[in-house]
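Just below is one structure, and these are the notes that go with it.
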Amino acid sequence: MMSRIETKFMSLREAGRKALIPYVTAGDPVASVTVPLMHDMVKAGADIIELGVPFSDPMADGPVIQKASERALVHNISLHDVFAMVKEFRETDTDTPVVLMGYLNPIEVMGYAKFAELASSAGVDAALTVDLPPEEGSEFVAELARYQMDPIFLIAPTTTDERIEKLCSAASGFVYYVSVKGVTGAATLDTGAVADKMAAIRRHTELPVGVGFGIKDADSARNIGAVADAVVVGSVLVRQADAHQDNPEAVSPAICAILAEIRQALDSL
Amino acid sequence: MPRNNELSEMSQQDSINDFMNMPDDRGHFGPYGGRFISETLMAAIEELTGAYESAMKDPAFLAEFDHDLKHYVGRPSPLYFAKSWTEKLGGAQIYMKREDLNHTGAHKVNNTIGQALLAKRMGKKRVIAETGAGQHGVATATVAARFGMECVVYMGAEDIQRQALNVYRMKLLGAKVVPVESGSATLKDALNEAMRDWVTNVDDTFYIIGTVAGPHPYPAMVRDFQAIIGREAREQIQQQAGRLPDALVACVGGGSNAIGLFYPFLNDAGVKIIGVEAAGDGIETGHHAAPLCAGQPGVLHGNRTYLMEDPNGQIIETHSVSAGLDYPGVGPEHSWLKDVGRAEYVAINDDEALQGFHDVTGIEGILPALESSHALAYVTKLAPTMKKDEIIIVNLSGRGDKDIHTVAARDGIEF
């Protein structure tokens, strides 16, 4: 049976469309926002949802997503809460893939086997653990594989050709290219450099390639969409959760307005 | 997960005949250590590993390191027999390894000299560091000034308050001190922020980590630069007492002064090894910084090790009167030494550490750092339980001038 991620990319390819992948942190600014927001984002054009698992020490994230974690952790949002959110989302949406993105320690403490079992039964499709390179990740990847979940690995501007090969052979679902040297939401993109690296990645894999870190608006999404299969947008959305943290009802409309613009830009390609 | 040890501690210790051959080539100390980092840093870590491995085999590099330790740091540091304190406690003979007499006042400079020489060798013009008590920040700013490198030090906003003197010292040395407000605004958050800087400026920047934590090769590299402490002490005690000691005692935050003292003695089966963590307000209160005594294994800052964490895997805030021990993790080699039973880890609370500070100041005329005072406080418990012909070496890892304000405030004195 094809996974939700494979099915999604196949139907996008047939339609000649690029995947739009929004990132939001689960439970930011409050837990009740997240599931309705996920549904709203799908309506606004999201193809896959990347749901951030809050962590106390998000080393690869810039200030915007750090603060999102801090806001969620005020309410002690745990992996169990995140699973419950995905489960609720799946009650009415069985097609949109959900990728959990976060850091290893909450998973390490839960145990890889238990994580994989609970994530799978909640309806999670893939896990992206920022601080788990394939060299340390074989046990985790094996546990995900038992439940047909995909490990998503990052490739960076500094990644050598040799490592691109290693990462691509460990990955399934899609691979994620980090388009800038830096943390999430930081620098501006060099589209030409991204295009070069995409060519290098595609020499090693048939998997779809998503690009994230540094995509801020419709223009940059269009530029990246021209060379990638998927565009990941995070900090620019999470900033809305920050801006409307005292009025959580306003978070989803603000995020979806931005997403809709980016969707339009991608569909103009 | 490689977490539960099937073998009992004793049988593991008996089955290991070489404790000095860790880590493996991927940086693992048993189940601990490793390289848990984002892909953006992988190329830089691989470059560093290559440079470190070739430098440690290069006689010219090692000669320059030794030269600097001798003429710039002032090594060897004395091994001092604390006669008055020994007599007062009435038990084992106490020797102090005087790292407080190093240039910049602590053991930290041994490591920053080594890493700065490596940075120079790799052509990096900019160095960054995290600091808690400020000792590592000062030691980094010092070597950066000497080598003409740009230096940025990340320091938790709360620690900046506690350690104003060291902050000013770093500024005098030409470093930029960046306050870190995120998370708990202490050492762990400074380390996060330094990692973020490194990811962003990975081409021209060398990250000088101050302790035996971080991704491989840092735990092994920092240990190797600090092991001069134990090599000297091992030679000095044989010259002065004619034999090896019965016990080694050192404080453990990240654990670099401790591993520096312990490592050269790991295969000396008769030498008992004791690391002293910070019990803060007391282990039972939960307000402490003692992951080995009261934590669980997890993954933070690039390695698997014992951590202070909640049941959901979130890192929890630590507490210690000593900023340099206020860290929720510990070097992975200590985690391994604990599990295999080669070292024992105990905890000393704030009040006991303060008492240790006052004892050694009053009896020996030496002002120890509050970090080192934890080790000294444990010696006041341990020495009376030992025979008079037995020997303890305690690492006096730093001097206490930086802590005068903290000590005074606890005594209700304002300047």
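The values are calculated or read from the model by the stated rules, or taken from the named source; none is laboratory data. These numbers come from a predicted model, not from an experiment. Virtual Cβ from ideal backbone geometry, glycine too; neighbours counted across all protein chains shown. When the accessible area is computed, the model is the full protein with side chains, heavy atoms only, and any ligands, DNA or RNA have been set aside. Shrake-Rupley method; radii C 1.70, N 1.55, O 1.52, S 1.80 Å.
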Only one of B:80, B:95 that is away from every other protein chain (no Cβ under 14 Å), out of contact with any helix residue (DSSP H, G or I) (no Cβ under 7 Å at 6 or more places or on another chain), part of a strand (DSSP E or B) and among the hydroxyl-bearing types (Ser, Thr, Tyr): B:80
Matching residues in the stretch B:302-336 - criterion: being within 14 Å of chain A (Cβ to nearest Cβ) and part of a loop (DSSP other than H, G, I, E, B): B:308, B:310, B:311, B:312, B:313, B:314, B:316, B:317, B:318, B:327, B:328, B:329
Within the stretch B:333-352, considering residues that are open to solvent by 30 Å² or more (accessible area, probe 1.4 Å) and of a type in the set (Asp, Glu), the one nearest to residue B:319 (Cα to Cα): B:351
Those residues of the stretch A:204-233 which are charged (D, E, K, R), touching a residue at least 12 places away in the same chain (Cβ under 8 Å) and open to solvent by 50 Å² or more (accessible area, probe 1.4 Å), in sequence order: A:216, A:217, A:219, A:222
Selection within the stretch B:223-252 - open to solvent by 10 Å² or more (accessible area, probe 1.4 Å) and either touching an Asp or Glu at 6+ places or on another chain (Cβ under 6 Å) or not in a helix (DSSP H, G or I) (or both): B:242, B:243, B:244, B:246
Among residues of the stretch A:134-178, those that are open to solvent by 10 Å² or more (accessible area, probe 1.4 Å), polar (S, T, N, Q) and within 12 Å of chain B (Cβ to nearest Cβ), counted: 3
Residues satisfying the stated conditions in the stretch A:12-35, i.e. open to solvent by 50 Å² or more (accessible area, probe 1.4 Å) and hydroxyl-bearing (Ser, Thr, Tyr): A:32
Condition broken by residue B:44, with the remaining ones in (1) part of a helix (DSSP H, G or I); (2) free of Cβ contacts under 8 Å to residues at least 24 places away in the same chain satisfied: (2)
Test: residue B:146 is more than 17 Å from residue B:104 (Cβ to Cβ) and touching a residue at least 60 places away in the same chain (Cβ under 8 Å): no
Candidates B:207, B:154 - the one that is closer than 30 Å to residue B:61 by Cβ, open to solvent by 20 Å² or more (accessible area, probe 1.4 Å) and within 14 Å of chain A (Cβ to nearest Cβ): B:154
Selected residue [farther than 30 Å from residue B:335 by Cα, in a helix (DSSP H, G or I) and at pLDDT 95 or above] from B:87, B:53: B:87
Flag if residue B:65 is touching a Gly at 6+ places or on another chain (Cβ under 8 Å), modelled with pLDDT of 95 or more, open to solvent by less than 60 Å² (accessible area, probe 1.4 Å) and of a type in the set (Phe, Trp, Tyr): yes
